[in-house]
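First comes the structure, then the notes that go with it.
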Amino acid sequence: MIPLLMYFFAMVVFIFVDYDIVFKVKQKKVIFIYCFVTVSTLSVLLMNHYGVDIPSPFCYIKDFVTSIIPPPQK
Amino acid sequence: MNSELLKTKHGVSLLVMFLMGSSIVIGTASDVKQDAWEAIILSALFTAPVFLMYCRIMDNHKGKTMLEILPELFGSIAGKVMIGLYVLYALHLGILVVRNFTEFIQIVSLPETPMRVVALVFSIVCIYAVKTGTFVLSRFAVFTVPIVLAFMILMTLFSMPDMHLSNLKPYFASGWIPMLRNTYGAFSFPFGETVLFLFVFRAGNEYFKLKRVYFYALFIGCGAILMATLRNLLVLGSGLFGSYHFSSYVTAGLIDIGDIVQRIEILLSIVLIFTGLIKISICLYVAVAGLSKIFNITDYKTITAPVGIFAAIYSYVVYGNTQEMFFWAAYVYPYYAMPFQLLIPLVIWITSEIKTKIEKNKMGKTEKIRTDDIKVVPVITQ
């Protein structure tokens, strides 16, 4: 749970520091980005915490590239 | 954004630190072992025309960064799509560099500390650096470049007693195909990554000469990488050079002059933290500046924190393990980065040349019409 708590701590600190620019400006897009990043990051952390194997999207890029240009055999 | 305050020395320092970034940590072209230094020289020669292309794009659109050039050339929607692609690339590159540094720190000095803690601490500093703006970042680079270069030269001098020239032989023994593959690999990592600076720099300032910035940085950055690679090769030999993941760190650990000068790996760690900080900050800056352009957010600083923390957390799941990281860097990254470093800039350059020519022709025609009008006017008055 430590990473989760750390993430919350960092997020709270930054929202506190950025309070003026995030909430007084009231740009909905900024709040949307905050929410999107929070939800996606929390889901990654929770899945990781409960042992769910999360494939990196870059695995697919790796498979695609190595299928076209295979690495040299040693 | 305060990038218009930048002078040539700021730009050169930023680029040199960026180039040295993670290439000093995980090395480049190490697959061809004793021919790695030749691959680096060849890649620098290949980089020169690419840099000329980058400079030409910026010269055609003086006083603008890529964030303004792309919508101007391709229209609002296509321009934003291209900016979005570069945002993904910058964010991914930032994530990869965070992972490189956390791996390095965990393997060599803090094995008990969770990787996420190191990543988060590193990212918080980068978030702060990006929030202060590119000018402050560049002044930090101007201050640290001499320290970094001095440490690197000092380490090379101290390693001299352990160097064996025979470790470089036989020359060009790897064959042409591996040589070309590694030359391109050394171009894509780190020289081609400087495409991100097109989103930071503006041409057309009398104190900021973009061509000079790119080519001075290529000269100094390539020299530093070449020096580190040659030092590692001459000390470790081709076999060990190819098998160690962090060969610079191992080489620094071997330094022992009269039992007095020893254990100076810490100097290398300082170098890596300085260069890494700059590299991650530039990637983060391009990502948030691009995102704020796409979403029409007035100040990019508002979204720096969530994006930076996202990069830190995501760096944990981007690779399964250390071996995967090195496999990606050697065999996948060069081809994955090709569109961003070569193909898209080539399309932008060609489009930019065509549009500039058309505009010049139009300007020429309107000027001709105006001069004709001036000639006609006296006839009418008579």
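The values are calculated or read from the model by the stated rules, or taken from the named source; none is laboratory data. The model shown is predicted, which means the values in this text are computed figures rather than measured ones. Every residue, glycine as well, gets a Cβ built from its backbone with ideal geometry; the counts of neighbours run over all protein chains shown. For the accessible areas, the whole protein counts, side chains as well, though only heavy atoms, and no ligand, DNA or RNA atoms are used. Shrake-Rupley method; radii C 1.70, N 1.55, O 1.52, S 1.80 Å.
How much length, in nm to one decimal, is gained on full extension between B:Ser109 and B:Leu165, taken as 0.36 nm per residue of separation minus their Cα-Cα distance? If you can, show how the numbers build up before the last one.
Working: separation 56, 0.36 × 56 = 20.16 nm, distance 3.10 nm.
Answer, rounded to one decimal: 17.1 nm.
For chain B, what class follows from the C-alpha gyration tensor (a ≥ b ≥ c being the square roots of its eigenvalues): rounded when a/c is under 1.5, otherwise prolate if a/b is larger than b/c, else oblate?
Working: a/c = 2.21, a/b = 1.76, b/c = 1.26.
The shape class here is prolate.
Straight distance only, please: which aspartates and glutamates reach the Cα of B:Lys131 with their own Cα at less than 15 Å, same-chain residues fewer than 8 apart left out?
Counting by Cα, and skipping residues close in sequence, B:Lys131 has these aspartates and glutamates nearby: A:Asp18, A:Asp20, B:Asp299.
Can you pick out the pairs among B:Lys9/B:Lys293; B:Lys64/B:Lys209; A:Lys29/B:Lys80 whose Cα atoms lie more than 25 Å from each other?
On the way: B:Lys9/B:Lys293 28 Å; B:Lys64/B:Lys209 14 Å; A:Lys29/B:Lys80 16 Å.
Flagged as over cut-off: B:Lys9/B:Lys293.
If you take the square roots of the eigenvalues of the alpha-carbon gyration tensor of the protein assembly as shown and sort them as a ≥ b ≥ c, do you get rounded (a/c under 1.5), prolate (a/b over b/c) or oblate? Before the final figure, lay out the partial values.
On the way: a/c = 1.87, a/b = 1.31, b/c = 1.42.
It comes out oblate by the Cα gyration axes.
Which value, in Å² rounded to 10, gives the accessible area of B:Asp256 with a 1.4 Å probe and all protein chains present?
80 Å²
7 Å from Cα along Cα→Cβ at both B:Phe172 and A:His49: what's the point-to-point distance in nm?
5.9 nm
Take the Cβ-Cβ distance between B:Leu45 and B:Ser243 as r, set R0 to 25 Å, and report the resulting FRET efficiency rounded to the nearest 0.05. Don't skip to the answer; put the middle values down first.
On the way: r = 28 Å, r/R0 = 1.13.
E between B:Leu45 and B:Ser243, to the nearest 0.05, is 0.35.
Quick check: the angle from helix B:8-20's long axis to the longest principal axis of chain B, C-alpha only, nearest 10 degrees?
It works out to around 40 degrees.
Expressed as an acute angle from 0 to 90° and rounded to the nearest 10, what is the orientation of the C-alpha long axis of helix B:134-159 relative to the principal long axis of chain B?
Taking Cα atoms only, the helix is inclined about 30 degrees.
Quick one: 3J(HN,Hα) in Hz for the range B:257-262, Karplus 6.51/-1.76/1.60 with θ = phi - 60°, rounded, Gly and Pro as x.
Per-residue couplings from phi come out as 10, x, 6, 9, 8, 8 Hz.
Grab the beta carbon distance between B:Met227 and B:Ala78, set R0 = 51 Å, and tell me the FRET efficiency rounded to 0.05. Numbers along the way, then the final one.
Values: r = 43 Å, r/R0 = 0.84.
The value I calculate is 0.75.
Below 23 Å, Cα to Cα, which lysines can B:Lys365 reach? Residues fewer than 8 away in the same chain don't count.
B:Lys62, B:Lys355, B:Lys357, B:Lys375
Between exposed GluC sites (Glu not before Pro) in chain B, where DSSP calls loop and at most 16 other Cβ atoms lie within 10 Å, what's the longest gap? Write down the numbers at each step before the final one.
On the way: sites that count: B:Glu112, B:Glu206.
That would be B:207-382.
According to a simple spin-label model (label point 7 Å from Cα along Cα-to-Cβ), what is the distance in nm between B:Lys211 and A:Leu42?
In this crude spin-label approximation the distance works out to 5.4 nm.
Which FRET efficiency value, to the nearest 0.05, is calculated for B:Val347 and B:Leu254 with the Förster distance at 41 angstrom and r the Cβ-Cβ distance? Working shown, then result.
Working: r = 47 Å, r/R0 = 1.16.
Result of the calculation: an efficiency of 0.30.
Using a 1.4 Å probe and counting only protein heavy atoms, arrange B:Tyr314, A:Tyr50, B:Tyr207, B:Tyr333 so the residue with the most accessible area comes first.
A:Tyr50, B:Tyr207, B:Tyr314, B:Tyr333
Note down the accessible area of A:Phe36, probe 1.4 Å, to the nearest 10 Å².
120 Å²
Before I look further, what does the protein assembly as shown give for accessible area per residue, probe 1.4 Å, in whole square angstrom? Present the calculation step by step, with values, prior to reporting the outcome.
Details: 21150 Å² over 456 residues.
The answer is 46 Å² per residue.
What is the gain in length, in nm to one decimal, between B:Phe327 and B:Leu88 on full extension, counting 0.36 nm per residue of separation less the C-alpha to C-alpha distance? Walk me through the numbers before you get to the answer.
Details: separation 239, 0.36 × 239 = 86.04 nm, distance 2.08 nm.
Result: 84.0 nm gained on full extension.
So, in nm, how far is label B:Phe295 from label B:Leu52 when the simple model puts each one 7 Å beyond its Cα toward the Cβ?
Inter-label distance under the simple model: 4.1 nm.
Could you tell me the total accessible area buried at the B-A interface, probe 1.4 Å, in square angstrom to the nearest hundred? Please report the intermediate quantities before stating the final value.
Working: alone 17550 and 6790 Å², together 21150 Å².
The buried area between B and A, both sides summed, comes to about 3200 Å².
Counting pairs of alpha carbon atoms under 8 Å apart in space and at least six apart in sequence, what relative contact order in percent does chain B give?
Details: 484 pairs, mean separation 141.2, N = 382.
Taking the mean separation of contacting Cα pairs over the length of chain B, I get 37 percent.
As a check on your grasp of the helix formula, calculate [θ] at 222 nm for the protein assembly as shown: sum -39500 (n - 2.57) over DSSP H runs of n ≥ 4, divide by the residue count, round to the nearest 500. Walk me through the numbers on the way to the answer.
Values: 18 runs with 325 residues, N = 456.
It lands at -24000 deg cm²/dmol.
Nearest 10 degrees is fine. How inclined is helix B:76-108 to the longest principal axis of chain B, computing both from alpha carbons?
Compared with the principal axis, the helix lies near 10 degrees.
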